[in-house]
Every structure is written in structure tokens, then in C-alpha cells.
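Working notes for the structure below.
The values are calculated or read from the model by the stated rules, or taken from the named source; none is laboratory data. Since the model is a prediction, treat every value here as computed from it, not as a measurement. Glycine also receives a Cβ, built like all others from the backbone with ideal geometry; neighbour counts cover every protein chain displayed.
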Amino acid sequence: MYKSTRGSAEAVTASKAILKGIAEDGGLYVPDYIPTIDFNIDELAKLDYKSLAYLVMSKFFTDFTEDELKACIDKAYDSKFITEEITPVEKIGDTYFLELYYGPTLAFKDVALSILPHLLKTSVKKQGIDKNILILTATSGDTGKAALEGFNNVYGTKIIVFYPVEGVSIVQKLQMVTHNGDNTHVVAIKGNFDDAQTAVKNVFTDDSMQKSLDEKDYVFSSANSINIGRLIPQVVYYFYSYISLYKKGDISKDEKINVVVPTGNFGNILAGYLAKNMGLPIDKLICASNENKVLYDFITTGTYDKNRDFFVTNSPSMDIIVSSNLERLLYFVSGKDSAKISELMKALKTNGKYEITEDMKKQLCDFYGGYASEKETTDEIKALYDNYKEIIDTHTAVASSVYNKYKAETKDSTKTIVLSTASPYKFPKAVMNAIDEKYSSLDEFELIKEMDKLSDYKIPASINGIEHKEVVHTKVCEKAEISQVVLDYLK
């Protein structure tokens, strides 16, 4: 069963938690316990990605039948991924990079958003709901296109994606605004990702909006990682990457590894925390932030303070000040004290900050926090290209830079996997200018062609010629207008 982190909503089954997205009290759904896996590495090494996905997800989605869950997995992990491995691991120097960008929209979000529509459709059937579904999603760049792709023309659904008008790369923006689907809508908001995310969460808990939704025969759900159906599929690739290293002979049986995760909303690294608690031999979860280093400050001090300057960086998917999924971690490290979580979230809403207890701080020992400046990020892109002829995106560079700092500080030689969360082709200007200043006079699309010349990883078909596609979505709104925008689309 799934409970709200804030404790005052009823416990629900997995399918109902997936369908609702967020609890009535504004909390996030969490499983009443974290299940474990019998970690027999030699047996696990026999599994392909789909089989491993079933093993992991079946532990969480316990009201799905075997046939239902396997059907969702089969539909998700097919030819839309350009590698059979789905999430391959590559070694660069002494570090392993988990490449999570071989899906249709070139970012790690594809792994979860390829399966979420199928989980959602199955959940609707299981709950006996005879209504349409309205998916509301806020994006800092990558979730938007991945959600549009996943829910494109899915019968009985509409999806509205809100993105910050100035906070995404040109390629990310074009991926969204040129998307053409009968049930898909994209809206730019005047504000940052936090504004979009807060406004969307407020819509979910607005009684008048719920009434309007009922009248129109719709129910709300979410494609953000506040939805447990988005979060759990990400646990799989942590297991898969570990097994990959074991099969290659790079690690021995039960050898511990570290993982480095570039994160803003804390969902991706929370999936790693769940994997560790399920039995995966992870030692440190290294949380990598950019100049919006609210998570670094929290991990190192125990105080979360959103009263700070917001920076638009060259790693825009991490430009986040309010990290929604951190609430789930707080729930676990507080000993599942929902009253405490409600108190902390109220303090965050009222004062913009909170401080956790000493006991909770001790429970953060699994984590190490670090951050990279803009210069350190670009320096890391250049270093990996100069030394290994490898091209990485800006978010991966943040993680790699933080990992270098971690090694220098701790002298820890544990084998480490860095999560490579997006294709460099999504951020051509930042990446190519980091490699060589001679590219600074070229536009984004000329730079994509130049990147293609430097890399064995050729221009992905999904963005080849994207600058020539018709712009379908042009709507821009103020953050206070989101509720009205939703009502307008329902009409």
C-alpha cells in the first residue's frame, strides 16, 4: 500500500497511487515499506533489461498481475530505444558512465516515461474508472518532451506541459513546441521551473478545479516524478548498471560501488536510494548540483532554504530550487514521521526554509553533496574531450566534476558510476563552446553538425532537422494563469 508523506490521506494501492499522482493532502505517495531483492548476482546476471524491470517493479506494483506488468514493460522497452541494452555503461578513463539517453527524446526521462502511459492505462482499468485523464506536467527541459512522446495520442488522455519560457535550451524548446499530437498541449510560463511546479501542484489540490474536472468527466494525474509510477521504473537501471559491471568482470561479487547523480528535483538520486535499500551494493550516493546548490547546502548543513538567488545555468534541467522528491527522503529518514514532514513542508511554504533534526541528519550518511560552477562544468566537458575524445552534455559534466572533487577530498577509490542523463546534442552551444571557443560564432544547428563531425555518436534522427519543423504550440501565460489555462483546454 501507498501512504502520503504528510499522513492525512488514505492509504491506496499502487494502481490508485499511479492514477492520482499526488495525495489529497498535498503529500507524495510512498510505499509503506521498501521491498528487498534476494541479491544473487549470478542469477540476476542472466536477466535482460525487461526481465530485470519486471523483477524490480513487481516488488512495488503489487496489485498488477504478472501479465499486466509484463505487457507494460514489453510496450515500453522496444525499438524506440536505439540500443537493446536500453541503458548501456561505458568506461571513460577510470570512471563508468551509465548512458541514459538512447530513448526517443534523448534524456533519462525516457526510461520512465516510456512505461508510465501503459501503467496509467492499466491503472484506470483496474480502478474501474470511466473518465478521461488530464496529465499536468511541469518541466525544466527534459520531462516535457518525454511526457509528450509517451502520451502522444493515447486514447482517453490529454496532457498539458508547462515549461519556463527562458529556462530551457533551444533544442529542448523545439522538441516541445514542434510536437504534434491531438491530445498534447504545451504552454510556456513567465517564470522558472519552480513557479511551474508549484502552480501545477496547487492545481492538483484545488477543490474548485476538482469540481470543474468532475463536471467535464476528467481526473487529474501527473507525469512528473511526484508520480510513483515515474519514480519506480528509474530504480531498474541502477541494478542493471551494477550487473553490467559484474558481467564485464569490472567488479567482483557483492563489491560496493558509488554512484554520482546530477539532480535538481531529487527523483533520480532517490531511485538510487531505493535501489540501495532494496539490497544493491551501493556505498555513497553522490548528489551533484549546479550553481543552484540548494541540495548541496541541505546535505552539508541539514537546513533547506529556498530564499536564494535563482541562476539560469548551462545545465538547465537542474535549475531547480524546490526539490519535490526530497520530501520522500525526509519521510524515510524521519522514521516515517508524517507529522514531522507536514511540519517541515508547512515551514517551507510559510518561511521558505526548514531545518531537520540531528537524528535525521545522521540518516543522511548515505549521501555526499557537491556542486560545480559554470566554469567547472565547461572545463570538465573540455577535459573529457581533450583526454578521451568523448563528448558529454552539461548535466553529465556537473556530475563528473563533482566526482573529481569527491575523489580529491576523500581519496575514495571505490569504483563509481556517473549517471549520464542527456545527449550532448540537446545542448550544442554550451558543449561545443566548452570544447573550443572557435565555435562561438555558430548557431545551435550549425553546432549540431560540427558535433556530429567530432563524435562517433551521430546526430539522432529525432532532432535531425528539428529547426525546420513547424512550431505548433505558441501559448505563453503568467504563472497565476495556469488554472485558467487548464480550464480553457478542458473546454
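Worth pointing out:
- Residue within the range 130-142 that is surrounded by fewer than 18 Cβ atoms within 10 Å (Cβ to Cβ), of a type in the set (A, V, I, L, M) and more than 18 Å from the chain's Cα centre (by Cα) present: no
- Test: residue in the range 417-434 that is surrounded by 21 or more Cβ atoms within 10 Å (Cβ to Cβ) and out of contact with any helix residue (DSSP H, G or I) (no Cβ under 8 Å at 6 or more places or on another chain): yes
- In the range 462-478, the condition of being over 24 Å from Asn192 (Cβ atoms) and touching a Pro at 6+ places or on another chain (Cβ under 9 Å) is met by at least one residue.
- Taking the range 223-242 as the range and being hydroxyl-bearing (Ser, Thr, Tyr), within 13 Å of the chain's Cα centre (by Cα) and at pLDDT 90 or above as the test, only Tyr237 passes.
- Of everything listed in (1) touching a Cys at 6+ places or on another chain (Cβ under 6 Å); (2) part of a helix (DSSP H, G or I), the single unmet condition for Gln363 is (1).
- Lone qualifier among Thr62, Thr83, Thr95, Thr87 - being of a type in the set (Ser, Thr, Tyr), touching a residue at least 12 places away in the same chain (Cβ under 8 Å) and surrounded by 23 or more Cβ atoms within 10 Å (Cβ to Cβ): Thr87
- Which listed residue is of a type outside the set (D, E, K, R), closer than 30 Å to Val259 by Cβ and in contact with an Asp or Glu (Cβ under 6 Å, 6 or more places away or on another chain), from Phe427, Phe445: Phe427
- Residues satisfying the stated conditions in the range 110-148, i.e. assigned to a helix (DSSP H, G or I), within 22 Å of Ala71 (Cα to Cα), modelled with pLDDT under 95 and of a type in the set (D, E, K, R): Lys121, Lys125, Lys126
- Exclusive hit being buried (at least 19 other Cβ atoms within 10 Å of the Cβ), within 22 Å of the chain's Cα centre (by Cα) and without any contact (Cβ under 8 Å) to a residue 40 or more places away in the chain, set Val333, Val398, Val402: Val333
- Screening Asp283, Asp250, Asp297 for residues that are surrounded by fewer than 23 Cβ atoms within 10 Å (Cβ to Cβ) and either touching a helix residue (DSSP H, G or I) at 6+ places or on another chain (Cβ under 6 Å) or in a strand (DSSP E or B) (or both) leaves exactly one candidate, Asp283.
- Breaking point among (1) over 23 Å from Pro460 (Cβ atoms); (2) under 19 Å from the mean Cα position of the chain (by Cα), for Lys46: (2)
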